[in-house]
Amino acid sequence: MNVYDVLIIGGGAAGFFTAVNTAEKLPNAKIAILERGKEVLTKVKISGGGRCNVTHAEFIPKELSKNYPRGEKELLGPFHRFMTGDTMAWFEERGVELKIEDDGRVFPVSNDSQTIINCFLDQAEELGVNIKLKESVTDISPHNESWIVNTTNNTYSTKHLVVSTGSNPKMWKTLTKLNFTVKAAVPSLFTFNIKDYRIKDLMGLATEASVKVLDTNNLEASGPLLITHWGMSGPAILKLSAWGARILNDKNYQFKIAVNWRTHYSTEETFQELNVLKQNNSKKSPYTHAQFELPKRLWHKLLEASNISENQNWADLNNLQLQNLAEELTNGVYKVNGKSTFKEEFVTAGGINLKDINFKTFESKLYKNLYFSGEVLNIDAITGGFNFQNAWTGGYLIAEDIFKKS
Ligand SMILES: Cc1cc2nc3c(=O)[nH]c(=O)nc-3n(C[C@H](O)[C@H](O)[C@H](O)COP(=O)(O)OP(=O)(O)OC[C@H]3O[C@@H](n4cnc5c(N)ncnc54)[C@H](O)[C@@H]3O)c2cc1C
């Protein structure tokens, strides 16, 4: 039997952060990571388009927690103890220089995720963390407040067990046998497939918008909206895909959205502004100048959709046309027919029910000395470095708790 003080299942971001921090606090503890693959940190490698967006420059816990459609309430307390600023300091203290980009995302200055991987591998080696590859865990069972862990090759025993297996359905199944409840996995962070004449040939166009999913309870998001070959993407859409992950799955990705290209203005206000434009530009064609800072190509499409022809001047527009245009500008309805994967970053919503976890320590409420960190939990965030922050925060607090108990 291989006897350990701390065993961590899964050599991903969460597993490594837990292992390294625990080893640092408990230099004499026997610690190992069991990884089923022949490499570790494979998702870190491909993350952030190969640059690894390690966290986000949001330093207020309450604001930070708002980026988690699942986990908002539960992560608030933990963020007060370890969050983005601590993450940045942690990496910088270990020689990884970081930079904050204009949109708040934090990357290594090297622009290379390998820098983060090297940092973890060096730390693990220096602190004597054993990394055991091709060790796929098939079963775990409690034994006198300790744990027995079976892999395809070996049996281990450990005082403290940390499960950091990401979105692996097999591990979720194993955990249900121990009476954990698991929220079914559904995709998050996807783009909307829309075929509509109003956005045809506008690929690559990006503008601010607010988007509402119809027939839902306030599922709404604002931000840049990008028109793609397949439909709509950009932060406004990705946020909706994350917040609506479960509802949109229930709808089988067939639903309608209303787009407000003027984010903060209502249809009524816009109608009045259009009337003013009509008076002030009576002899000009509405096609000459795009209004409301809209991209010209989009403005033209919305004029066409409102039955306004190119040979009409502002003065020629009747009330119905102005009303149609106000509707198109602030409440244009588009039919979504399916989804596409967002290539940069995608995550799964689902995992261990948060009610089963004590968020002061990330220990299970069902068993002593069993902890969970990272995506194995039913926690996920919008794009921007928040998903890794969940892994870092959980890993750090687990290390603290194991230290306190030892
Ligand atoms: C393409 C892409 C880009 C991303 N970019 C970013 C980004 O820039 N910023 C960000 O914040 N988030 C990003 N994410 C999300 C982020 O990668 C994840 O949230 C994060 O990796 C989760 O870490 P984890 O350690 O919980 O899980 P994982 O990284 O999935 O690690 C789990 C590990 O456990 C191992 N394992 C599973 N089952 C077993 C078993 N039974 N026995 C032994 N080992 C097992 C797996 O092989 C794996 O190595 C991205 C995701 C993708 C897919």
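Evaluate E = 1/(1 + (r/R0)^6) for Asn281 and Asn331, where r is the Cβ-Cβ distance and R0 equals 25 Å; express this FRET efficiency to the nearest 0.05. It would help to have the intermediate numbers written out before the result.
Values: r = 24 Å, r/R0 = 0.94.
Result of the calculation: an efficiency of 0.60.
Treat region 287-398 as a sphere of radius equal to its Kirkwood radius over Cα pairs and apply Stokes-Einstein at 20 °C in a medium of 1.002 mPa s; give the translational diffusion coefficient in µm²/s, rounded to a whole number. Numbers along the way, then the final one.
On the way: Rh = 18.8 Å.
It diffuses with D of about 114 µm²/s by this estimate.
Hey, what's the Cα Rg ratio for region 223-375 versus the globular rule of thumb, 2.2 N^0.38 Å? Intermediate results must be reported in sequence, preceding the final value.
Numbers: Rg = 22.8 Å, N = 153, 2.2 N^0.38 = 14.9 Å.
Taking the Cα Rg and dividing by 2.2 N^0.38 Å, one obtains 1.53.
In Å and from the alpha-carbon atoms only, list the Rg and Dmax of the chain.
25.5, 89
State the extension gain, in nm to one decimal, for the chain segment bounded by Lys99 and Tyr197, taking 0.36 nm per residue of separation less the distance between their alpha-carbons.
On the way: separation 98, 0.36 × 98 = 35.28 nm, distance 4.14 nm.
This chain segment gains 31.1 nm when fully extended.
With only alpha-carbon atoms counted, please give the Rg and Dmax of region 67-150, in Å.
Using the Cα atoms of region 67-150, the pair Rg, Dmax is 17.6, 52 Å.
So what's the gap between the Cα centers of region 170-219 and region 80-150, to the nearest angstrom?
28 Å
Using a Gaussian network for the chain with springs between C-alpha atoms less than 10 Å apart, which of these wobbles most: Gly166, Gly50, Gly395?
Greatest mean-square fluctuation among the candidates belongs to Gly50.
With viscosity set to 0.692 mPa s and temperature to 37 °C, compute the Stokes-Einstein D of region 47-204, Rh being the Kirkwood radius across alpha carbon pairs; µm²/s, no decimals.
Values: Rh = 19.7 Å.
Answer from the Stokes-Einstein relation: 167 µm²/s.
Send over the per residue convex hull volume for region 294-344, Cα only, as a whole number of Å³. All intermediate terms of the calculation are to be shown ahead of the outcome.
Details: hull volume 5.9 nm³, N = 51.
So the per-residue Cα hull volume is 115 Å³.
Under 8 Å for C-alpha pairs, at least 6 residues apart: give me the relative contact order for the chain, rounded to a whole percent. Let's see the in-between values first.
Details: 868 pairs, mean separation 100.3, N = 406.
Answer for the chain is 25 percent.
Using +1 on the beta carbon of Lys and Arg, -1 on that of Asp and Glu, and nothing else charged, what's the dipole of the chain about the Cα centre, debye to 20?
Values: 46 positive and 45 negative charges, 218 e Å.
Around 1040 debye, computed over the chain.
What fraction of the DSSP beta bridges in region 30-132 is antiparallel, stated in percent and rounded to the nearest 5? Display every interim value, and only then the final one.
Values: 5 of 8 bridges.
Within region 30-132, antiparallel bridges account for around 60 percent of the total.
Given 10 °C and 1.306 mPa s, how large is the Stokes-Einstein diffusion coefficient of region 197-253 in µm²/s, with Rh as the Kirkwood radius over Cα pairs?
Numbers: Rh = 11.8 Å.
Reported coefficient: 134 µm²/s.
So what is the relative contact order for region 282-329, in percent, with contacts set as C-alpha pairs under 8 Å and at least six apart?
Computed value for region 282-329: 45 percent relative contact order.
Could you tell me which residue out of Leu34, His56, Ile46 lies farthest along the dipole of region 15-94 toward its positive end? Charges go on the beta carbon: Lys and Arg +1, Asp and Glu -1, centred on the Cα centre.
Looking along the dipole axis, the top candidate is Leu34.
Relative contact order of region 239-327, please, whole-number percent, based on alpha carbon pairs below 8 angstrom and at least 6 residues apart.
RCO, region 239-327: 32 percent.
Carbon-plus-sulfur fraction of the accessible area of region 265-310, 1.4 Å probe, in percent? Show your work: numbers first, answer last.
Details: 1230 of 2720 Å².
The nonpolar share, carbon plus sulfur, comes to 45 percent.
How big is the antiparallel share of DSSP beta bridges in the chain, given as a percent to the nearest 5? Show your work: numbers first, answer last.
Details: 48 of 66 bridges.
Here the antiparallel bridges make up roughly 75 percent for the chain.
Cut-off 10 angstrom, C-alpha nodes, Gaussian network model of the chain. Which of Phe82, Phe292, Phe362 fluctuates the most?
For the chain, modelled as a Gaussian network with Cα springs under 10 Å, the answer is Phe292.
With a 1.4 Å probe and all protein chains kept in place, how do Asp5, Asp380 rank by accessible area, largest first?
From most accessible down to least: Asp5, Asp380.
Would you mind working out the magnitude of the charge dipole of region 1-86 relative to its Cα centre, with +1 at each Lys and Arg C-beta and -1 at each Asp and Glu C-beta, to the nearest 20 Debye?
Working: 12 positive and 9 negative charges, 42 e Å.
Taking the Cα centre of region 1-86 as origin, the dipole is about 200 debye.
Calculate the FRET efficiency for Lys66 and Val3 from the Cβ-Cβ distance with a Förster distance of 51 Å, rounded to the nearest 0.05. Walk me through the numbers on the way to the answer.
Numbers: r = 44 Å, r/R0 = 0.85.
After rounding, the FRET efficiency stands at 0.70.
Among Thr22, Thr165, Thr207, determine the one that fluctuates most according to a GNM of the chain built with springs between C-alpha atoms less than 10 Å apart.
Thr207
In Å³ and rounded to a whole number, note down the convex hull volume per residue for the Cα atoms of region 220-272. Could you put the intermediate results ahead of the total?
Values: hull volume 5.0 nm³, N = 53.
Convex hull volume per residue, Cα atoms: 94 Å³.
Mean residue ellipticity at 222 nm from the helices of the chain, using -39,500 (n - 2.57) per DSSP H segment of n ≥ 4 over the full residue count, to the nearest 500 deg cm²/dmol?
Values: 13 runs with 141 residues, N = 406.
Roughly -10500 deg cm²/dmol at 222 nm, from the helical runs in the chain.
Given labels modelled 7 Å from the Cα in the Cβ direction, how far is it in nm from Ile46 to Lys25?
3.3 nm
Quick one: net charge around His80, please, counting Lys, Arg +1 and Asp, Glu -1 for every other residue with C-beta under 15 Å from its C-beta.
Working: positive: Lys62, Lys66, Lys73, Arg81, Lys360; negative: Glu58, Glu63, Glu72, Glu74, Asp86, Glu400.
Once positives and negatives cancel, what remains is -1.
The values are calculated or read from the model by the stated rules, or taken from the named source; none is laboratory data. This structure is a prediction, so every number in the text was calculated from the model and none was measured. A quick note on method: Cβ atoms are made from the backbone with ideal geometry, for glycine too, and the neighbour counts reach across all protein chains shown. Surface accessibility is based on the protein's heavy atoms, side chains included, excluding ligands, DNA and RNA. Shrake-Rupley method; radii C 1.70, N 1.55, O 1.52, S 1.80 Å.
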